[in-house]
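> Got a structure here, written out as structure tokens. Questions coming.
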Amino acid sequence: MSSLTITLCSLLYLSILFGIAFWAERRSRQGGSLLNSPYFYALSLAVYCTAWTFYGSVGRAASGGIEFLSVYIGPTLTVPLWWSVLRKIIRICKVQRITSIADFISARYGKNRGIGVMITILCVIGIIPYISIQLKAIAESFAVLSGQSLVGPTPIWLSDQSFYMTLILAAFTILFGTRKLEATERHEGLVTAIAFESVIKLIAFVAVGVYVTYGLFDGPADIFGRAGKLPELRQHFVFHSGHSTTEWLWYIVLSMPAILFLPRQFQVAVVENVDERHLNKAMWLFPLYMFVICLFVLPLAFGGKLILNNPIDDADVYVLSLPLHFGEKGLALLAYIGGFSAASSMIIVETTALSVMISNNLVMPLLVSRPSWQKQIGNAWSTFVINIRRLAILGMLLLAYEYYREVSHHFSLVSVGMMSFAAVAQFTPAIIGGIYWKRGSQAGARLGLILGASVWFYTLIVPTLVTAGLLPAHWMTEGPMGQGWLRPYTLFGLQGFDPISHSVFWSFFVNIGGYVWGSLYRPQSPLDHNQAVLFVDVFEYARRYDSSVAWKGKVLVSDLNALLTTFFGEERATRAMERYMRKHQLNTQNYLAESRLVNYTEKLLAGAVGTASARILISSVAKEEPIALDEVIKILKVSHELLTVNKELRRKSIELEKLTAQLQEANELLKAADQQKDDFLSTVTHEIRTPITAIRALSEILHDNDEMDQETRRHFLGTIIKESERLTRLINQVLDLERIESGRNKLLMEPADMAAVIQDAVESVEQLATDKRMQLEVVNTCPDTTLVVDRDRIMQVLINLLSNAIKFCEEDKGHILVRADLQGMWYVVAVADNGHGIDPRYHALIFEKFYQTQDRNTRKPKGSGLGLAITRKILELHNGSIEVESRPDQGATFIVRLPLTQFERLASVQELG
Amino acid sequence: MLKVLIADDEPNILMSLEFLMKKEGYRVYIARDGGEAFDLIQQEKPDLLLLDIMMPRMDGYELCQFVKQHPDYRHAKVIFLSAKSKDLDVQKGYDVGGDLYIPKPFSTRDLIAKINQLKAAA
């Protein structure tokens, strides 16, 4: 493919990126910000996957198998902690207007300038090589795609296309990364573009993966099967010796802090976060993203080895060379764009984040502490700060480009990336200690950082300087000045580690040791302690930040106003001031500022120039009085007490709400009970009206018609008697049910021979069955069971069930079976008939009072509609139960269960024995 | 000879009403549920309907509504005889076009008197 085509495609891609960024910024100005969606947040986190992932993973997998996974497993393992750690960091940064990792650490340890400077320098040194390998990746992929040789950069940089690419990337970053001064205002366009790039690189990588796995091979099984036949590849299926297992472990440890503390990760995860709740989605979406992008790494590595197995082909670029080898130019171009997006997203975010650190933590503290320099800049501060950042971006990219041309060919993608990880990992003790340990002090943080960074430099950077020929080679073999214990790769004689693990071990050791020692033995300054409490207990103080910062002194309101105007311009400064005054109902005419206003101003300034510079600026206009530690504690206590009172009030009001809800619920229950009573009453009256209607009508007819024939008269009189009986039965049952339900009718519990109870019940309905020529059969498998029951009530239950069975069976054909069994803890009586049965829909309903079938095709059942309700109630009072098994036209079986008591169970076991 | 249709799912009430109406000189048709009543209305076009409300298959309200909306049967007088005696139920009876709503239990003399009044008014 010609260089021109590739260049045009790269430019086209970049212009799409420009377009997206412009569009997103315009949209957000119109109020339709895309970043309110958690998906954009999760995708922007994927800036973690750089060219190192896109190209390097495959290269690494080709030489080391699944080892490449360590840097994805590490971050995944940290994900469960995000809800506590990351959320806390985000909250702290929002409250204190912190805009970079350097600012975060320096703010925590007494807004110390030195710490900010140290962190910034460490980041720049650690990360410029990392940026340079992105440039290298772009250049190499360009070379592979255009068919040029891989000899490295052309000697003259003006003819090197990667130089121009670097400039374009710098332009993009400057345009979207340094738009406004206040860095807490988010980079809408930038983040949207990054999220877009994350999608592109994923699609491109997966596309090549699918092409190789399913196009060139017959799926993963095929690739792994063939790779398994080559001993050279088979060894990658497993871990080798102990050596690589430790390496694996250290790499995982190393990548854990990287996911949060690399400047670009801190930028997207913390500074650009618009809503803490986005973490919920990101916590599963981001690991999923890494999982998907890692899925095809091994197939690509093995596929590349199997197809292009010669030393010329660099495994790092299999993603490109495999499609090219088979003439798939379109796919190769897509892969190139994917790699380009991976590299460019990293470069853009990383340089933006670093530029803020350089301006706020390196340059500004210097400038603002010199009144003479301050004067020179005058009112042009905000443009000045932005210009510093622009210069920083350009400078860093040029440095990275230079590093790529001069140094980077000595090292692989992976080793350089790991060096950066190791540098950033040095922040871990200071950050984690800083947000969970109030005693963590400035002295401790400084000591830990200095020691950790020095060891990191000595064990990882010094060897590269030796390789580059800048230091004598005998340093590596014999140690500097012949001191063997100082050899950079085997410090203090520690052998058997690879360089990265070795460095991480020693640097963590001295870093954590120094941090803890310094914190324990060097006291905190008042400001240090104040910040420590505000960091560790951020969730308690977040809403009362301004009054929780201890400050004593005199400042003129007009001076504060002037400071804000210098950095934000007249309009925004006035607006911010007025908003604050209104919120706290302060008098704008006040001459002296109270401490809350001072803190508020300092916080605003911190968002623009960093916490340390903001501190210096405030000091420059204030007559500050030294504040003692106990005063800090007092202020915190007052603030905390207010908070507690607030909390108490809230708790009380929640309790009240709960109580109200409970009352409401009780009221509802009462209403429901009332309604039930009403319903019952109206059903009962309705049921009573029916027989009375017949009785009254028939009696009146008899009364008014003397001339009726004798037979009709007898028939009518008979009907009146039957309806009266029906009425009596109904009334008795209503009273019965009422007595049982209200508990007024106590059960008369006494031992009863169940066989006899059943026999008596059967005898009392036998005549009825015989009249209808039905069969009535009893099977008793446990004839000698005695239960403690209310004998008459149980009789009533059985008679009710038996008469129901007779009622619903056809004459002549009816067959009713009563069966008694012992089942575990239960005495079970089943009454089965072969009548018309009951639709399962009604099985639960028939035990309700006055249940009338909703099925309008069946006639009303005869009887009061209370029999089964009473039956169930009686059994419930015996701690028993009743249920029905039935199908339409297949008869019904009512099953009664009565519990056996301890004594009865014992008796039944003895009988069995 | 005027035709009366009596619909009720209580056989003993049916029996008494049948006796009464025969004595009044009506030709009497008996329905033991709403469905039977519905068929008989169309077959016999009765002049008077004595309807219970709660019946299987079709209730009294539905029957009345059908009768009053159909040009062939509209002339018939409808009297509800129901154990439902709430104001709402009575109101609904008149809303669907019933001519009279008599709660159960009723007086037979009163019922006959009211039927005769209806006949005279028509």
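> What is the set of long-range amide H partners of B:Leu2 at a cut-off below 5 Å, with H atoms built 1.01 Å from backbone N?
B:Arg27
> Do any residues of segment B:11-25 lose at least 10 Å² of accessible area when the full set of protein chains is present rather than just their chain alone, and if so which, with a 1.4 Å probe?
B:Asn12, B:Ile13, B:Met15, B:Ser16, B:Phe19, B:Leu20, B:Lys23
> Now a separate question. Among A:Ala755, A:Gly114, A:Tyr289, whose Cα sits farthest toward the positive end of the charge dipole of the protein assembly as shown (+1 at Cβ of Lys/Arg, -1 at Cβ of Asp/Glu, about the Cα centre)?
A:Gly114
> Treating the beta-carbon of each Lys and Arg as +1 and of each Asp and Glu as -1, no other charges, what is the dipole magnitude of chain B about its Cα centre, to the nearest 20 debye?
So the dipole magnitude of chain B works out to roughly 420 debye.
> What span do the alpha-carbon atoms of segment A:640-768 cover on each of the three principal axes, reported in whole Å from largest to smallest?
Reported extents, whole Å, longest axis first: 100, 50, 19.
> Continuing with the same structure: So who's got an amide H within less than 5 Å of the one on B:Met58, skipping anything under 5 residues away but keeping other chains? H placed 1.01 Å off N, in plane.
Amide H to amide H, under 5 Å and 5 or more residues apart or across chains, B:Met58 pairs with B:Gly34, B:Gly35.
> Let me ask something additional. Stokes-Einstein D for the protein assembly as shown at 10 °C, 1.306 mPa s, Kirkwood Rh over Cα pairs, in µm²/s?
Value of D from the Cα-based Kirkwood radius: 42 µm²/s.
> Under the Karplus relation 6.51 cos²θ - 1.76 cosθ + 1.60, θ = phi - 60°, what is the ordered set of whole-Hz ³J(HN,Hα) values for segment A:676-685, x standing for Gly and Pro?
4, 4, 4, 4, 4, 4, 5, 5, 4, 4
> Take A:Ile307 and A:Gln662, extend 7 Å from each Cα along the Cα→Cβ direction, and tell me the distance between the two endpoints in nm.
Placing both labels 7 Å along Cα→Cβ, they lie 7.2 nm apart.
> From the backbone phi of segment A:699-706, what are the Karplus-calculated ³J(HN,Hα) couplings (6.51 cos²θ - 1.76 cosθ + 1.60, θ = phi - 60°) in whole Hz, Gly and Pro given as x?
With coefficients 6.51, -1.76 and 1.60, one gets 5, 4, 4, 4, 5, 8, 10, 5 Hz.
> Per residue Cα convex hull volume for chain B, in cubic angstrom?
94
> In peptide A:692-705, what is the residue-averaged number of other protein chain Cβ atoms found within 10 Å of each Cβ?
Going residue by residue through A:692-705 and averaging, the value is 6.
> Follow-up. Using the crude model of +1 on Lys and Arg Cβ and -1 on Asp and Glu Cβ, and no other charge, please compute the dipole size for the protein assembly as shown relative to its Cα centre, in debye to 20.
Using Cβ point charges on Lys, Arg, Asp and Glu, the protein assembly as shown gives about 4700 debye.
> Using a 1.4 Å probe, how large is the accessible area of A:Lys849, given in Å² and rounded to the nearest 10?
Here the accessible area works out near 80 Å².
> Which is farthest toward the positive dipole end of segment A:549-627 among A:Tyr600, A:Leu560, A:His584, measuring Cα position about the Cα centre, with Cβ charges +1 (Lys, Arg) and -1 (Asp, Glu)?
Positive-most Cα among the choices belongs to A:His584.
> In addition: Provide the three semi-axes, in whole Å and in decreasing order, of the ellipsoid equivalent to segment A:410-464 as defined by the square roots of 5 times the Cα gyration tensor eigenvalues.
27, 12, 4
> Once fully extended, how much extra length lies between A:Leu366 and A:Trp23, figured as 0.36 nm per residue of separation less the alpha-carbon to alpha-carbon distance?
Contour length minus Cα-Cα distance gives 119.7 nm.
> Averaged across the residues of A:603-609, what count of C-beta atoms belonging to other chains lies within 10 Å of each residue's C-beta?
Mean shielding by partner chains, rounded to a whole number: 0.
> Can you work out the Karplus-derived ³J(HN,Hα) for every residue in segment A:213-222? Use 6.51 cos²θ - 1.76 cosθ + 1.60 with θ = phi - 60°, whole Hz, and x for glycine or proline.
These are the phi-based 3J(HN,Hα) values: 5, 9, x, 7, 10, 9, x, x, 4, 4 Hz.
> Tell me, what is the Rg over Rh of segment A:549-627, with Rh the Kirkwood radius over Cα pairs?
Answer for segment A:549-627: 0.93.
> A follow-up question, please. Using the Cβ atoms and a cut-off under 9 Å, what net charge is assigned to the surroundings of B:Thr108, where Lys and Arg are +1 and Asp and Glu are -1?
Summing Lys and Arg as +1 and Asp and Glu as -1 gives -1.
> Which Cα, out of A:Trp250, A:Gln267, A:Phe163, lies furthest along the positive dipole direction of the protein assembly as shown (beta carbon charges, K/R +1, D/E -1)?
In the protein assembly as shown, that residue is A:Phe163.
> To check my understanding: the extent here is largest minus smallest coordinate of the Cα atoms along each principal axis. What are those three numbers for segment A:332-481, in Å, largest first?
So the three principal-axis extents are 54, 50, 35 Å.
> With Cβ to Cβ distances under 11 Å as the rule, what net charge do the other residues near A:Val779 carry (K, R +1; D, E -1)?
So the environment of A:Val779 carries a net charge of -1.
> Full-extension gain between A:Ala672 and A:Phe224, please, as 0.36 nm times their residue separation minus the C-alpha to C-alpha distance.
Computed gain between A:Ala672 and A:Phe224 is 154.4 nm.
> Can I ask one more? With the full set of protein chains in place, find how many percent of the accessible area of chain A is carbon and sulfur; take the probe as 1.4 Å.
59
> For the pairing of chain B with chain A, what total accessible surface becomes buried, with a 1.4 angstrom probe, in square angstrom to the nearest 100?
Interface between B and A: roughly 2400 Å².
> Follow-up. Hey, got the Cα dimensions of segment B:38-93 along the principal axes, in Å, largest first?
32, 21, 15 Å, listed from the longest principal axis down.
> Let me ask something additional. Over chain A, average the accessible area per residue using a 1.4 Å probe and give it in Å², no decimals.
45
> Take A:Leu563, A:Leu494 and sort them by solvent-accessible surface of the protein heavy atoms, 1.4 Å probe, largest at the top.
Details: A:Leu563 15, A:Leu494 40 Å².
Largest to smallest exposure gives the sequence A:Leu494, A:Leu563.
> Can you give the Rg/Rh ratio of segment A:427-543, where Rg is from the C-alpha atoms and Rh is the Kirkwood radius?
With Rh from the inverse mean 1/r over Cα pairs, Rg/Rh is 1.15.
> Now, a different point. Under 5 Å between amide H atoms, partner at least 5 residues away or on a different chain: which partners does A:Ile816 have, H built in plane at 1.01 Å?
A:Gln775, A:Leu776, A:Glu777
> Oh, and also: If packing is taken as the average number of other Cβ atoms within 10 Å across a peptide's residues, how do B:73-84, B:4-15 rank, most packed first?
On the way: B:73-84: 20.3, B:4-15: 23.2.
Those peptides, ordered most packed to least, come out B:4-15, B:73-84.
> Moving on. Take the Cα pairs of segment A:3-410, get the Kirkwood Rh, then feed it into Stokes-Einstein at 37 °C and 0.692 mPa s and tell me D in µm²/s.
D, rounded to a whole number, is 149 µm²/s.
> Then there's this: Treating only the Cβ atoms of Lys and Arg (+1) and Asp and Glu (-1) as charged, compute the dipole magnitude of segment A:3-410 about its Cα centre; round to the nearest 20 debye.
Charge dipole of segment A:3-410: 1480 debye, to the nearest 20.
> Test of understanding: what is the full-extension gain from A:Leu77 to A:Asn646, defined as 0.36 nm times their sequence separation minus their Cα-Cα distance?
Separation in residues times 0.36 nm, less the Cα-Cα distance, equals 201.1 nm.
> Could you compute how much accessible surface A:Glu655 exposes when probed at 1.4 Å, giving the result in Å² to the nearest 10?
80
> How much of the DSSP beta bridge set in the protein assembly as shown is antiparallel, as a percent to the nearest 5?
Percent antiparallel among DSSP bridges in the protein assembly as shown is about 55.
The values are calculated or read from the model by the stated rules, or taken from the named source; none is laboratory data. Computed from a predicted structure; not experimentally measured. Methodologically, a virtual Cβ is constructed for each residue, glycine included, from the backbone with ideal geometry; neighbour enumeration extends over all protein chains shown. Calculation scope for accessible area: heavy atoms of the full protein, side chains included, ligands and nucleic acids excluded. Shrake-Rupley method; radii C 1.70, N 1.55, O 1.52, S 1.80 Å.
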